[in-house]
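S.K.: This is the structure I have questions about; it appears just below.
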Amino acid sequence: MTALPVIVGMGGINAAGRTSFHQGYRRIVLDSLDSKARHETFLGLATLMNLVKLEQGKLVDQQGQLIEQSDIESKFGKQIIEGTLIRKIEKNHFDVDATPWQQKMTLSVSNDQKIVFETRARDLPQPVPASWQVEQLEGKKVKVTIAADLEIKHNSTRDNPIKAAGQLPTGFDPAVMYNSRYQPRGLQATIFAATDAIRSTGLDWQQIMNSVQPDQIGTYSASVAGQVNDEGFGGLIRSRQQGERVSTKQLALGLNTMSTDFINAYVTGNVGTTFTTSGACATFLYNLRAAVNDIQAGRTRVAVVASSECALTPEIIEGFGNMSALANEEGLKRLDNTDVVDHRRTSRPFGENCGFTIGEGAQVAILMDDALALSLGADIMGAIPDVYVNADGVKKSITAPGPGNYITMAKSVALASSILGQESVQKRSFILAHGSSTPQNRVTESLIYHRLAQTFAIDNWKVAAPKAYVGHTIAPASGDQLAMALGVFSHNIMPGVTTIDKVADDVHSEYLDIRTEHYKCDEMDIAFINSKGFGGNNATATVISPLVTMQMLSKRHGEQVMNAYLQANKSIKSAQVKYQQQADLGHYELIYRFGDGMIDENDIIITDKAMQIPGFEKTIALSQSNPYQDMF
């Protein structure tokens with residue numbers, strides 16, 4: 001009997017807001033929410049953006065004035081809407097209208113004059129150029145005379161052709177929520193996302209740890225670029241070129257494994273599996289696949305699956321921009337026949353577009369095997385029976401799409417059909433598309449869906465595209481897609497692609513349902529999370545709805561187990577409601593266990609059959625059987 005990996009919690013942060021309890025999804029479909037959900041969403045975003053806070057049990061604004069929850073939309077609604085989703089890059093990242101760079105300049109002598117200047121002796125270049133005449137002065141200074149041309153670089157600015165991104169909500173700053181110790185932004189976001197995910201489960205983490213062997217917990221996470229801010233690789237690479245020193249932390253904190261390491265070391269205290277793999281835009285799904293496979297094999301019973309990327313730097317944006325991958329000002333003006341770009345509509349999946357819009361974020365999902373989830377009374381948000389990964393074969397351009405995504409999508413649809421039947425796939429499935437917003441993607445990805453729809457007799461196959469709202473967050477992008485899928489399962493509102501006027505003429509849309517407005521939908525059974533990454537990194541996950549998952553669990557485990565589960569689940573739901581209320585009021589209480597609960601290796605007890613690790617109730621069993629008995 002194969003264990004079924006089920007989702008028991010999800011948290012994170014992106015341009016739409018907090019992931020837990022579907023806040024980010026709700027922001028996207030804001031105008032389709034009922035009054036209660038809309039008020040909750042505005043409250044949660046207002047506190048997240050530090051527009052409102054709770055003081056002595058009452059809500060106050062930044063000036064300390066009392067405000068009622070019902071008045072938040074009227075007072076701050078416009079500011080909240082403008083400070084979320086894709087928008088013009090804000091100056092806490094860099095100034096897109098005056099982006100700093102080093103401009104080369106050649107200084108030439110005129111009228112037979114020489115270039116003469118004074119400086120500190122210690123500031124002379126090594127070695128001193130042969131054309132420089134150096135005269136010692138008092139006070140450790142020197143006079144330099146140059147009879148030749150002098151090439152220098154000086155600080156300058158330029159107008160950046162790329163001006164929009166899916167940034168974390170304006171005013172949200174994870175650095176001030178815990179003792180962040182000058183950590184890169186991506187790792188700060190990871191701490192927030194991991195805390196949000198764990199608290200969203202309604203379970204006590206220590207209880208989870210005590211329910212399984214210590215080596216049956218795993219963390220699976222990565223970023224793609226690593227930490228490219230000044231505190232990480234960005235500072236490491238730039239420091240000496242800017243006349244500064246490299247710090248002791250920049251190399252280590254820049255590594256793309258650090259989101260995994262930070263979750264283990266500072267959030268969960270995990271001593272089990274630690275796993276990092278990168279697959280460009282499919283990175284979250286790559287790590288999800290490893291977790292799903294380990295749960296199915298029985299190696300892991302609790303999995304923390306994550307990805308983070310906060311790479312809104314001039315260098316990364318210029319790199320993507322020079323590949324003609326990003327939507328730029330010129331292209332957008334040409335598309336809209338205007339001189340003024342709407343920076344809210346730069347990402348246009350399956351419409352007339354000219355490139356993707358980069359984003360930042362972190363996403364974390366908590367998975368368990370079905371038996372453990374039921375025994376703990378965990379709230380089950382869905383199940384993931386498998387994730388498929390395939391390459392593209394021989395290529396010309398390493399960044400071009402290829403046939404691998406045909407394989408991953410076909411396998412995922414076939415799996416769903418074999419588990420739930422063709423009618424479920426045909427009538428109650430939908431796609432969370434990669435939908436990057438490039439002209440090439442809209443054609444190639446839609447053709448895959450078109451051909452699969454023909455093969456499996458699917459008509460009006462619903463397609464949603466999160467990158468229209470939060471941008472392309474690179475590593476956690478498919479985590480953004482998973483978060484949207486869970487939101488659809490919960491609210492039965494299918495997000496349209498509202499950033500486009502119509503589906504582009506070259507999109508293969510005959511069998512697809514791509515709408516430009518959000519709309520109510522029936523209960524959905526299956527979501528396909530699809531990702532097409534640079535280099536041939538293709539992945540697709542099959543996600544089963546919570547309703548269908550519970551039906552499957554009832555069939556497997558029987559009435560007695562399910563009745564016990566429903567009883568245990570009551571207290572879990574109460575804990576979830578409590579955290580949602582606290583989070584909506586801005587009380588996140590980030591988990592950051594710096595040095596708290598370190599294991600003394602001298603206290604580890606080892607026998608020939610098991611190991612006892614301090615802080616864990618259960619032991620780690622050591623293998624007593626020979627898996628290769630047939631070879632002896």
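The values are calculated or read from the model by the stated rules, or taken from the named source; none is laboratory data. Since we're looking at a predicted model, the values are computed, not measured. Quick reminder, even Gly has a Cβ in these numbers, built from the backbone with ideal geometry, and neighbours come from all protein chains shown.
S.K.: Determine, yes or no, whether residue 395 is at pLDDT below 95 and either out of contact with any strand residue (DSSP E or B) (no Cβ under 6 Å at 6 or more places or on another chain) or surrounded by 22 or more Cβ atoms within 10 Å (Cβ to Cβ) (or both). First the steps, then the outcome.
M.R.: Working: at pLDDT below 95: yes; either out of contact with any strand residue (DSSP E or B) (no Cβ under 6 Å at 6 or more places or on another chain) or surrounded by 22 or more Cβ atoms within 10 Å (Cβ to Cβ) (or both): yes.
Yes; evaluated as a whole, the condition is true for this residue.
S.K.: Could you check the stretch 292-324 and list, in sequence order, the residues that are hydrophobic (A, V, I, L, M, F, W, C) and more than 27 Å from residue 260 (Cβ to Cβ)?
M.R.: Quick first cut of the stretch 292-324, residues hydrophobic (A, V, I, L, M, F, W, C) only: 292, 295, 297, 302-306, 310-312, 316-317, 320, 323.
Across the stretch 292-324, the qualifying residue is only 323.
S.K.: Test residue 447 against the stated conditions and say whether it is of a type outside the set (Lys, Arg) and surrounded by fewer than 22 Cβ atoms within 10 Å (Cβ to Cβ).
M.R.: Numbers: of a type outside the set (Lys, Arg): yes; surrounded by fewer than 22 Cβ atoms within 10 Å (Cβ to Cβ): yes.
Spelling it out, residue 447 is indeed of a type outside the set (Lys, Arg) and surrounded by fewer than 22 Cβ atoms within 10 Å (Cβ to Cβ).
S.K.: Consider only pairs whose beta carbons are under 9 Å apart and that are at least six residues apart or on different chains; among these, list those whose first residue lies in the stretch 237-249 and is in contact (Cβ under 8 Å) with a residue 12 or more places away in the chain and small (Gly, Ala, Ser) and whose second residue is in a loop (DSSP other than H, G, I, E, B) and surrounded by 10 or more Cβ atoms within 10 Å (Cβ to Cβ).
M.R.: Note: pairs meeting the criteria are 247/182; 247/231; 247/239.
S.K.: Just to be sure before I move on: is residue 335 within 30 Å of residue 93 (Cβ to Cβ), among the aliphatic types (A, V, I, L, M) and over 22 Å from the mean Cα position of the chain (by Cα) in the structure I sent? First the steps, then the outcome.
M.R.: Numbers: within 30 Å of residue 93 (Cβ to Cβ): yes; among the aliphatic types (A, V, I, L, M): yes; over 22 Å from the mean Cα position of the chain (by Cα): yes.
Yes: the conditions hold for residue 335.
S.K.: Tell me the residue from 583, 575 that is closer than 17 Å to residue 380 by Cα and either of a type outside the set (Ser, Thr, Tyr) or in a helix (DSSP H, G or I) (or both), please. Write out each step before concluding.
M.R.: Working: 583 fails: closer than 17 Å to residue 380 by Cα.
Unique residue meeting the criteria: 575.
S.K.: Give all pairs with beta carbons closer than 7 Å in which a residue from the stretch 443-455 that is closer than 14 Å to residue 429 by Cβ and in the same structural domain as residue 401 (by TED's automatic domain parsing) meets a residue that is part of a helix (DSSP H, G or I) and of a type in the set (Gly, Ala, Ser); count only pairs at least 6 apart in sequence or on separate chains.
M.R.: Pairs found: 452/410.
S.K.: Tell me which of these residue 55 doesn't satisfy, since it passes every other one: (1) over 30 Å from residue 174 (Cβ atoms); (2) out of contact with any strand residue (DSSP E or B) (no Cβ under 6 Å at 6 or more places or on another chain); (3) at pLDDT below 95.
M.R.: Going through the list (1) over 30 Å from residue 174 (Cβ atoms); (2) out of contact with any strand residue (DSSP E or B) (no Cβ under 6 Å at 6 or more places or on another chain); (3) at pLDDT below 95, residue 55 breaks only (1).
S.K.: Out of everything in the stretch 322-364 that is free of Cβ contacts under 8 Å to residues at least 60 places away in the same chain and of a type in the set (Asp, Glu), what residue ends up being surrounded by the most Cβ atoms within 10 Å (Cβ to Cβ)? Before the answer, list the steps.
M.R.: Filtering the stretch 322-364 for residues free of Cβ contacts under 8 Å to residues at least 60 places away in the same chain gives 322, 324, 331-340, 342.
Going one step further and asking which of them are of a type in the set (Asp, Glu), we end up with 336, 339, 342.
Numbers: 336: 14, 339: 7, 342: 12.
Among those residues, the one meeting the criterion is 336.
S.K.: For the stretch 465-522, what are the residues that are under 26 Å from residue 13 (Cα atoms) and of a type in the set (S, T, N, Q)?
M.R.: Those that are under 26 Å from residue 13 (Cα atoms) and of a type in the set (S, T, N, Q): 473, 478, 481, 490, 492, 498, 499, 516.
S.K.: Shifting gears a bit: Filter the stretch 256-271 down to the residues that are surrounded by fewer than 21 Cβ atoms within 10 Å (Cβ to Cβ) and within 14 Å of residue 307 (Cβ to Cβ) and list them by number.
M.R.: Result: 257, 261.
S.K.: Any chance you could count how many residues in the stretch 128-163 are under 30 Å from residue 343 (Cβ atoms) and surrounded by 12 or more Cβ atoms within 10 Å (Cβ to Cβ)?
M.R.: Number of matching residues: 7.
S.K.: Please give the number of the condition residue 217 fails out of (1) under 28 Å from residue 573 (Cα atoms); (2) out of contact with any strand residue (DSSP E or B) (no Cβ under 8 Å at 6 or more places or on another chain); (3) crowded, with 18+ Cβ neighbours inside 10 Å.
M.R.: Residue 217 satisfies every listed condition except (2).
S.K.: Given the options 195, 170, 190, name the one that is assigned to a loop (DSSP other than H, G, I, E, B), assigned by TED's automatic domain parsing to the domain that holds residue 314 and polar (S, T, N, Q).
M.R.: Values: 195 fails: assigned to a loop (DSSP other than H, G, I, E, B); 190 fails: assigned to a loop (DSSP other than H, G, I, E, B).
Going through 195, 170, 190 in turn, the sole match is 170.
S.K.: Return yes or no: is residue 589 within 36 Å of the chain's Cα centre (by Cα), more than 17 Å from residue 200 (Cβ to Cβ) and of a type outside the set (A, V, I, L, M)? Even if it seems obvious, please write down each step before you answer.
M.R.: Numbers: within 36 Å of the chain's Cα centre (by Cα): yes; more than 17 Å from residue 200 (Cβ to Cβ): no; of a type outside the set (A, V, I, L, M): yes.
In short, no.
S.K.: Of the residues in the stretch 308-321, how many are assigned to a helix (DSSP H, G or I) and buried (at least 23 other Cβ atoms within 10 Å of the Cβ)? Can you show your working first?
M.R.: Of the residues in the stretch 308-321, the ones assigned to a helix (DSSP H, G or I) are 314-321.
Still in the list and also buried (at least 23 other Cβ atoms within 10 Å of the Cβ): 317.
Of the residues in the stretch 308-321, 1 are assigned to a helix (DSSP H, G or I) and buried (at least 23 other Cβ atoms within 10 Å of the Cβ).
S.K.: Would you check which residues across the stretch 597-617 are among the hydrophobic types (A, V, I, L, M, F, W, C) and free of Cβ contacts under 8 Å to residues at least 40 places away in the same chain and list them? Steps first, please.
M.R.: Our first condition is that a residue be among the hydrophobic types (A, V, I, L, M, F, W, C); within the stretch 597-617, this holds for 598-599, 604-606, 610-611, 613, 616.
The answer is 598, 604, 605, 606, 610, 611.
S.K.: State which residue pairs qualify: first residue in the same structural domain as residue 140 (by TED's automatic domain parsing) and inside the stretch 116-129, second residue of a type in the set (D, E, K, R) and surrounded by 10 or more Cβ atoms within 10 Å (Cβ to Cβ) in any location, beta carbons under 6 Å apart, and separation of 6 or more residues or different chains.
M.R.: Listed by first residue and then by second, the contacts come to 118/141; 118/143; 120/141.
S.K.: Ok, one more. Just to be sure before I move on: is residue 324 assigned by TED's automatic domain parsing to the domain that holds residue 167, under 30 Å from residue 8 (Cβ atoms) and hydroxyl-bearing (Ser, Thr, Tyr) in the structure I sent? Spell out how you get there, then give the answer.
M.R.: Details: assigned by TED's automatic domain parsing to the domain that holds residue 167: yes; under 30 Å from residue 8 (Cβ atoms): no; hydroxyl-bearing (Ser, Thr, Tyr): yes.
Against the criterion (assigned by TED's automatic domain parsing to the domain that holds residue 167, under 30 Å from residue 8 (Cβ atoms) and hydroxyl-bearing (Ser, Thr, Tyr)), residue 324 does not qualify.
S.K.: Next question. Mind checking whether some residue in the stretch 408-428 is hydroxyl-bearing (Ser, Thr, Tyr), closer than 18 Å to residue 282 by Cβ and touching a strand residue (DSSP E or B) at 6+ places or on another chain (Cβ under 9 Å)? Talk me through it step by step, then tell me what you get.
M.R.: Filtering the stretch 408-428 down to residues hydroxyl-bearing (Ser, Thr, Tyr) leaves 408, 412, 417-418, 424.
Adding the requirement that they be closer than 18 Å to residue 282 by Cβ leaves 408, 412.
If we keep only those that are touching a strand residue (DSSP E or B) at 6+ places or on another chain (Cβ under 9 Å) as well, we get 408, 412.
Among the residues of the stretch 408-428, at least one is hydroxyl-bearing (Ser, Thr, Tyr), closer than 18 Å to residue 282 by Cβ and touching a strand residue (DSSP E or B) at 6+ places or on another chain (Cβ under 9 Å), which makes the answer yes.
S.K.: Restricting to the stretch 461-494, count the residues that are outside any helix (DSSP H, G or I) and buried (at least 24 other Cβ atoms within 10 Å of the Cβ).
M.R.: Here the count works out to 10.
S.K.: Go through (1) part of a loop (DSSP other than H, G, I, E, B); (2) in contact (Cβ under 8 Å) with a residue 12 or more places away in the chain and name the single condition residue 305 misses.
M.R.: Residue 305 satisfies all of (1) part of a loop (DSSP other than H, G, I, E, B); (2) in contact (Cβ under 8 Å) with a residue 12 or more places away in the chain except (1).
S.K.: Still on this structure, I have one more. Considering only the stretch 436-460, state which residues are within 22 Å of residue 354 (Cα to Cα), in a helix (DSSP H, G or I) and either modelled with pLDDT under 95 or polar (S, T, N, Q) (or both). Quick ask: steps written out before the conclusion?
M.R.: Residues of the stretch 436-460 that are within 22 Å of residue 354 (Cα to Cα), as a first pass: 436-449.
Applying the additional criterion that residues be in a helix (DSSP H, G or I) yields 439-449.
Answer for the stretch 436-460, where residues must be within 22 Å of residue 354 (Cα to Cα), in a helix (DSSP H, G or I) and either modelled with pLDDT under 95 or polar (S, T, N, Q) (or both): 440, 441, 444, 446.
S.K.: If residue 564 satisfies all but one of (1) within 26 Å of the chain's Cα centre (by Cα); (2) of a type in the set (A, V, I, L, M); (3) surrounded by 13 or more Cβ atoms within 10 Å (Cβ to Cβ), what's the number of the condition it fails?
M.R.: (1)
S.K.: Next question. Which one of the conditions (1) closer than 18 Å to residue 242 by Cα; (2) in a strand (DSSP E or B); (3) not small (Gly, Ala, Ser) does residue 126 fail to meet, given that it meets all the rest?
M.R.: Here residue 126 clears every test but (2).
S.K.: Based on what the data block shows, is residue 422 of a type in the set (S, T, N, Q), surrounded by fewer than 24 Cβ atoms within 10 Å (Cβ to Cβ) and assigned by TED's automatic domain parsing to the domain that holds residue 349?
M.R.: On the way: of a type in the set (S, T, N, Q): yes; surrounded by fewer than 24 Cβ atoms within 10 Å (Cβ to Cβ): yes; assigned by TED's automatic domain parsing to the domain that holds residue 349: yes.
Against the criterion (of a type in the set (S, T, N, Q), surrounded by fewer than 24 Cβ atoms within 10 Å (Cβ to Cβ) and assigned by TED's automatic domain parsing to the domain that holds residue 349), residue 422 qualifies.
S.K.: Going through 371, 378, 365 one at a time, which residue ends up being under 30 Å from residue 560 (Cβ atoms) and part of a strand (DSSP E or B)?
M.R.: On the way: 371 fails: part of a strand (DSSP E or B); 378 fails: part of a strand (DSSP E or B).
After applying the criteria, what remains is 365.
S.K.: Next question. Which residue out of 590, 585, 553, 566 is out of contact with any strand residue (DSSP E or B) (no Cβ under 7 Å at 6 or more places or on another chain) and more than 29 Å from residue 4 (Cβ to Cβ)? Write out each step before concluding.
M.R.: Numbers: 585 fails: out of contact with any strand residue (DSSP E or B) (no Cβ under 7 Å at 6 or more places or on another chain); 553 fails: more than 29 Å from residue 4 (Cβ to Cβ); 566 fails: more than 29 Å from residue 4 (Cβ to Cβ).
Criteria check complete, one pass: 590.
S.K.: Hey, another quick one. State all residues of the stretch 618-628 that are in a loop (DSSP other than H, G, I, E, B), touching a residue at least 12 places away in the same chain (Cβ under 8 Å) and exposed (fewer than 14 other Cβ atoms within 10 Å of the Cβ); if no residue qualifies, say none. So that I can check it myself, show each step before the final result.
M.R.: Filtering the stretch 618-628 down to residues in a loop (DSSP other than H, G, I, E, B) leaves 618-619, 622-628.
Now narrow it down to the ones that are touching a residue at least 12 places away in the same chain (Cβ under 8 Å): 618-619, 622, 624.
The answer is 622, 624.
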